[in-house]
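Have a look at the structure below before the remarks.
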Amino acid sequence: MVLAWLAVLAGVVVAGLTAPPAPDDDFSVPGVESQLAFDVLRERFPGITADAGGATVVFVAPAGRQVTDEPYRAAVEAAARRLAGGGQVAMAGDPFEDGAVSGDGSAAYVNVTYTVTAARVSAASRAELAAAAREARVSGLTVEAGGSALEGEGGGPAGTAELVAVALAAVVLLITLGSLAAAGLSLLTALLGVAVSMLSILALSHAFGLSATTGTLALMLGLAVGIDYALFVVTRYREERARGLPAEEAVFLAAGTAGSAVAFAGLTVVIALAGLAVVGIPMLTKMGLTAVGAVSAAVLVALTLVPAVLGFAPERVLSRAARRAPAMASTGRGGPAMASTGRGGPATASTGRGGPATVEAGRGGARWARFVLRRPVAVLLAGVALLGALAVPAAGLRLGMPGDEARPATTTQRRAYDALATAFGPGFNGPLMFVVDAKGAPDPQAAVAAIAGRVAATAGIVSVSPPHFNDAGDTAILDAVPSTAPTDAATKDLVRDLRAARTRLAAGTGATFQVTGTTAVNIDLAGKIQGALLPYLATVVGLAVLVLLVVFRSILVPVKAALGFLLSVLAALGVLVLVFQRGFAADLLGVAQTGPVMSAVPIFLIGIVFGLAMDYEVFLVSRMREAYVHGETPHQAIGTGFRHSARVVVAAALIMMAVFGGFISEPDQFIKMIGLSLASAVLFDAFVVRMAIVPAALALLGHRAWWLPRRLDRILPKVDVEGERLTRDPVTPELVSSHER
């Protein structure tokens, strides 16, 4: 099995390194007006690339001077000529001829348009732009540059977040397992799974249009669940060894019990991620499907590679205390250690899950369970109140796509944004593009002029550029500068009002128009995702109830699990609003500028947290249900579930938090938001919902928690997620080796 996985790894390494380059990011939003306008542009202006890379170089004169003064004017003109002659440049104007000078003369700018998309702008072209800026600074001007062509610059060293996440996860594994071999096994197998999935994505990127960005979520999630799933199997193996089973049988049982739960948990994550396709945005669909591949690889590794590697170090993965424990002295079939192997029997009670250290951990879980059982109402109310309070800010959630204004003030992009906003107004950084279709107009030029005049007279519009016609003379482009910033709520309202007034603004001209541009695209993207949030959330919650109904054979347990999931998600969204919109702890987390939450973050949060919440629910509550089915009272079953599963759930949650928290240090705003939201959601779901609210609710419900109508019980399929049939009698013919037969 190990050789098979190494062969797979070698194959994907070769395929990934020899694959054609990945395509550019596709941020299209099918069906919205801004995208339809871009389609018209491609058809009517064949020489224009609608998504071409661009840069804006801004020149600011010293205080009290103007850019029209010498030597500043000469420096600006020289820089404009150098920019126009740069590699990959399609056009760069002269600010003094194009009217690109501020009203007070303090600043001027040059718009540079490239012949390629922003992702294809070469390092040499960016270096040429930087050289032109340096040359102009010699005259005493302040020169900064921003725009999409510079988006590849300013990030931290590649892989820093991943290294931080792996280091934190290694520390948690070492503390949890108390064995370097066990921690290393969980970490190395997870890394192999991530390597296979990421190299597979690289190999398939050209064929399926997967850009570099689409693999970000796959990397983050594959690393997190890969470590967790390996931890579940290794922990169960150590538990079975502590009960006196030989190594081979312990591996069989670990794969049949924890492995079954891993397969189910992975399936829930896969369903949630694949569900992103219903949003109808290609980029989100691709990110979801690549993450599906990474999670599937993590499940396969946990079910095949982890048991195989355990065969190479059956004793070393145990803690020192477990290796010295008397129970390990007798490992033969039917020997003293096997005299009592049922769950909760004498061997389990005396040996725990891996020696004194794990016994103490089990006692810690039992003590917490007793605390909850003594005060279920207080614990339930405190947990709900805490998450409810954190969820309140989520009511003010605003979605959008922050641009250069969200970058640190140390970057030239942010300084260029601020300089342009100061000299030309806040709306200058996000002009609206009007694509005027005058094919049906008797006089296209007069029709376009009439529409331009009416748009210019609209409240909220500062200026409108001269029209640019296509070769056929039947379509024109106008740029309108709003009076408010691109991410301002007033700009969103302005775009909506302009579209609503289309009939009035184009009346009597025989022409029509569509509003597009980066600002309009971002507004449309946010609107489409916001409209899909509730349907997607309802689908995921409904799916959670149905799946858990089959697993736990209970009506109230799935409902309680779904409500807890909703609390976790809403509290995490509240944290996002507090940090990124209201600025709470923004400096501490490296948030340079408050603004809207990036549009794709909430829907990713819902999909991923759904899967993780179901992981914790299954691993914790399934042990409680099993104990209840075997005759324990509801309160006893809760204590048994905590004694067996609390430690591994806590460790898994800490690892998830470490992995996701490592991405908070990334300078990219999207990755930072994803990391913070997921780390927060895991914290809330594992420690508040699953460890506090769930046992408190089950304690209050008592026997009613496990009620299921008989008719429904006969209809539902029987799913043995925890491998219960195996653990009733571990010594079965299926587990006897051929040698022993």
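The values are calculated or read from the model by the stated rules, or taken from the named source; none is laboratory data. Since the model is a prediction, treat every value here as computed from it, not as a measurement. Glycine also receives a Cβ, built like all others from the backbone with ideal geometry; neighbour counts cover every protein chain displayed.
Only a single criterion out of (1) more than 19 Å from Pro596 (Cβ to Cβ); (2) under 30 Å from the mean Cα position of the chain (by Cα); (3) surrounded by fewer than 18 Cβ atoms within 10 Å (Cβ to Cβ); (4) assigned by TED's automatic domain parsing to the domain that holds Gly702 is not satisfied by Phe371, namely (2).
Mind checking which residues of the range 394-416 are in contact (Cβ under 8 Å) with a residue 24 or more places away in the chain and within 22 Å of Asp493 (Cα to Cα)? Scanning the range 394-416 gives Ala394, Gly396, Leu397, Arg398, Leu399, Gly400, Met401, Pro402, Gly403, Asp404, Glu405, Ala406.
If you take the residues of the range 214-270 that are of a type in the set (Ser, Thr, Tyr) and farther than 23 Å from Ser200 by Cα, which of them is modelled with the highest pLDDT?
Taking the range 214-270 first, the residues of a type in the set (Ser, Thr, Tyr) are 214, 216, 229, 235, 237, 257, 260, 268.
Then drop every residue that is not farther than 23 Å from Ser200 by Cα, which leaves 235, 237, 257, 260.
On the way: Thr235: 87, Tyr237: 91, Thr257: 81, Ser260: 83.
Among those residues, the one meeting the criterion is Tyr237.
Is it the case that the range 549-559 has a residue that's closer than 21 Å to Ala224 by Cβ and of a type outside the set (D, E, K, R)?
At the first step, the residues of the range 549-559 found to be closer than 21 Å to Ala224 by Cβ are none.
For the range 549-559, residues closer than 21 Å to Ala224 by Cβ and of a type outside the set (D, E, K, R): absent.
Of the numbered criteria (1) within 44 Å of the chain's Cα centre (by Cα); (2) modelled with pLDDT under 90, the one Ala329 fails is (1). Highlighted here are the helices (runs of 4 or more DSSP H) found entirely within the range 476-578 that include at least 1 residues which are within 28 Å of the chain's Cα centre (by Cα): 489-500, 518-552, 556-576.
Please indicate, with yes or no, whether at least one residue in the range 531-547 is closer than 19 Å to Phe38 by Cα, out of contact with any Gly (no Cβ under 7 Å at 6 or more places or on another chain), exposed (fewer than 15 other Cβ atoms within 10 Å of the Cβ) and not acidic (Asp, Glu). First the steps, then the outcome.
Just the residues of the range 531-547 that are closer than 19 Å to Phe38 by Cα, to begin with: none.
Looking through the range 531-547, none of the residues is closer than 19 Å to Phe38 by Cα, out of contact with any Gly (no Cβ under 7 Å at 6 or more places or on another chain), exposed (fewer than 15 other Cβ atoms within 10 Å of the Cβ) and not acidic (Asp, Glu).
For the range 309-326, which residues satisfy the criterion of being in a loop (DSSP other than H, G, I, E, B), modelled with pLDDT of 85 or more and either on the phi > 0 side of the Ramachandran plot or not acidic (Asp, Glu) (or both)? Correct list: Gly311, Phe312, Ala313, Pro314, Arg316, Val317, Leu318.
From Ala294, Ala298, Ala255, grab the single residue that is over 19 Å from Val13 (Cα atoms), in a helix (DSSP H, G or I) and not basic (Lys, Arg).
Working: Ala294 fails: over 19 Å from Val13 (Cα atoms); Ala298 fails: over 19 Å from Val13 (Cα atoms).
Of the residues listed, the single one that is over 19 Å from Val13 (Cα atoms), in a helix (DSSP H, G or I) and not basic (Lys, Arg) is Ala255.
Pairs are defined by a Cβ separation below 7 Å, a sequence spacing of at least 6 or placement on different chains, a first member in the range 46-66 that is within 25 Å of Glu151 (Cα to Cα), and a second member that is assigned to a loop (DSSP other than H, G, I, E, B) and at pLDDT 90 or above; the pairs so defined are Phe59/Val67; Phe59/Leu141; Val60/Ser106; Val60/Leu141. Taking every residue in the range 1-24 that is closer than 29 Å to Gly311 by Cβ and pairing it with any residue that is at pLDDT below 95 and of a type in the set (Lys, Arg), at least 6 positions away or on another chain, yields no pair with a Cβ-Cβ distance below 9 Å.
It is to be established whether one or more residues within the range 582-598 are outside any loop (DSSP other than H, G, I, E, B) and touching a Leu at 6+ places or on another chain (Cβ under 6 Å). Steps first, please.
Looking only at the range 582-598, we keep the residues that are outside any loop (DSSP other than H, G, I, E, B), and these are 597-598.
Next, from what is left, pick out any that are touching a Leu at 6+ places or on another chain (Cβ under 6 Å): 597.
Scanning the range 582-598, I find at least one residue that is outside any loop (DSSP other than H, G, I, E, B) and touching a Leu at 6+ places or on another chain (Cβ under 6 Å), so the answer is yes.
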